[in-house]
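Everything on this sheet refers to the single structure shown next.
Nothing in this text is a laboratory measurement; each read-out follows from the coordinates by a stated rule. Fair warning: this is a prediction, and the values are worked out from it, not measured in the lab. As a convention, Cβ positions derive from the backbone with ideal geometry for all residues, glycine included, and neighbour counts pool all protein chains shown.
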Amino acid sequence: MVGSLGRFPRLLLVVAGLLLLLSASVVVARGPACRSAVSGDVLPSWARAGFSDPRPRVAHVLGEQGRIAAILFGGELHSPPSPDVNNKILWVSRTGAEGPLEIRATSARTGERADRVVADGPGPSSVDLPAAGCWQVELQWGPAPDQRDSMALVYARP
């Protein structure tokens with residue numbers, strides 16, 4: 001009996017240590033580093049329709065799966081919106097669209113969520129989000145698996 005009582009404090013320490021590790025991993029997972037990759041390189045060939053330059057260079061972010069591009073006409077996005085430049089994004093999908101573009105944005109800093117819809121599907125839009133910082137954006141523009149993608153977008157303070 002005395003031997004089993006001696007193990008109780010050690011067991012309590014192990015359980016407390018595990019709880020501490022689990023809570024630390026939740027905090028780390030809440031605020032991942034922003035992986036936004038704004039590029040000024042030539043747009044992919046499938047995203048060039050409507051541009052007069054055959055090899056247009058414009059600020060854009062490609063979806064992580066390469067299924068959609070967000071072309072940033074103002075060069076960068078702002079929250080709150082800038083009085084000089086709006087948050088115009090031209091969404092170009094590599095595959096066809098079968099309905100609205102649904103945008104589910106989650107702040108990497110706070111976990112706050114903001115949902116937006118572009119009613120006519122990928123195309124021109126103005127997407128304002130509630131705070132500056134990195135937003136992980138989940139996109140869907142139809143029911144097929146190739147009509148979904150995600151990306152990180154950074155909104156700066158004006």
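Proximity of backbone amide H atoms, modeled 1.01 Å from N, is registered between SER126 and ILE89 at under 5 Å, excluding neighbours fewer than 5 places apart on the same chain. Scanning residues 5 or more positions from ALA152 or on other chains, those with amide H under 5 Å from its amide H are ALA37, VAL137, with H placed 1.01 Å from N in the peptide plane. Loop-located GluC sites (Glu not before Pro) in the stretch 76-158 (DSSP state not H, G, I, E or B) with no more than 11 neighbouring Cβ atoms inside 10 Å: GLU98.
The reciprocal of the average 1/r between distinct C-alpha atoms defines the Kirkwood hydrodynamic radius, which for the stretch 45-156 equals 14.2 Å.
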